[in-house]
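S.K.: My structure is below; once you've seen it, I'll send some questions.
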Amino acid sequence: MLAFVLASTGVACAAGHSTTAAASAAPVSPRITVTMATGATETPYVTQATTVADFLAERGIVVTPADRVSPPADTPLADGTRVDFHAAVPVQLIVRGEVRDLSSSAPDVATLLSEEHIALGASDRVEPQQTDALTSGMVVRVTHETAWTALRKQLLPPRVIQRYDPALPAGTTKTLFPGRSGEREITVHFVQRDDRPIEAESRVSRIVRHSRPRVILRGIGEYAGFARLAQRGFDATIGLARSALHMIATAYTASCAGCTGFAANGMRAGHGIVAVDPAVIPLGTRLFIPGYGRAVAGDTGGAIVGHRIDLGFNSLGDALQFGRRLITVFVLR
């Protein structure tokens, strides 16, 4: 009976010894060195983690579906393993006016566009540059540009040159040369970005044909005192005028009833001596009157007040022919 107990005890002891040995022989993970890369930063760590997922958890990193991990999370670790981890950041992607709010772990703009399946055309523009690193809060804009050039033509009307002609009756005109319009070419470069209004970005202008002036002759009459005035002399006289007055003119002769034949300045009345209001044109002022010729303000009259003038003529016929009309009086320097 005692032997059986001992034998039983011995078996129990033997069994207890065997269990303790098995527990002490359980495998222990070796310590290895793993390099973790986040962007441009690389840091070595000593770890007993057996997989990439265990290593990241050991570092307190919670991996989201948008994060980038290389090698994959279930990859076993070995001494010297490099683990690349890029945490996703919020970015905004605007493509041809469409706004997308994303969370991306792409290392740069080009990778982001590739992952979002954005195919760029030859006329598309990306801001910022595709090589720029993706950062939190970055706005990436893809703009589609349509550009074209248009050629426009513009007519340049001829300028008008008026010349006085003593051979033409006063108040009549004659076209000496009809003139010719010129032409200007304008090259305009247009750009439309997405659906925004069209912009004209540049213009280049050149004259392809110069205009030629239109020359019109204007008649100024053939009074005796002016018919002998050469055209060049007349143009020169007009160039010397310091002012021009619009006046109502009448005609008179030295042989009128009550006339003495002499003007207020003592000169003999006749063609070239005109009566004026001294408050408007001082006596002695040299004048030029188209259709009449050169004159001197040498007389006055009771009815000649303000912008009125009385032109002296040598004959009653010339005076009657002139009558009463609105004229331009050039005051010479």
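S.K.: Return the residues of segment 40-63 that are free of Cβ contacts under 8 Å to residues at least 24 places away in the same chain and either hydroxyl-bearing (Ser, Thr, Tyr) or in a helix (DSSP H, G or I) (or both); say none if nothing qualifies.
M.R.: Within segment 40-63, 41, 43, 45, 53, 54, 57, 58 qualify.
S.K.: Select from segment 133-148 the residues that are exposed (fewer than 15 other Cβ atoms within 10 Å of the Cβ) and in a loop (DSSP other than H, G, I, E, B) and list them in ascending order.
M.R.: Of everything in segment 133-148, those that are exposed (fewer than 15 other Cβ atoms within 10 Å of the Cβ) and in a loop (DSSP other than H, G, I, E, B) turn out to be 135, 136, 137.
S.K.: Sticking with this one: Out of segment 98-125, which residues are part of a loop (DSSP other than H, G, I, E, B) and among the hydroxyl-bearing types (Ser, Thr, Tyr)? Don't jump to the end; show me each part of the working.
M.R.: Initially, segment 98-125 is screened for residues part of a loop (DSSP other than H, G, I, E, B), giving 105-107, 116-123.
Those that are part of a loop (DSSP other than H, G, I, E, B) and among the hydroxyl-bearing types (Ser, Thr, Tyr): 105, 123.
None of the figures in this text is laboratory data; all of them are computed from the coordinates on show. Nothing here was measured: the structure is a model prediction, and the numbers come from that model. When we count neighbours, we look across all protein chains shown, and the Cβ atoms used for this are built from the backbone with ideal geometry, even at glycine.
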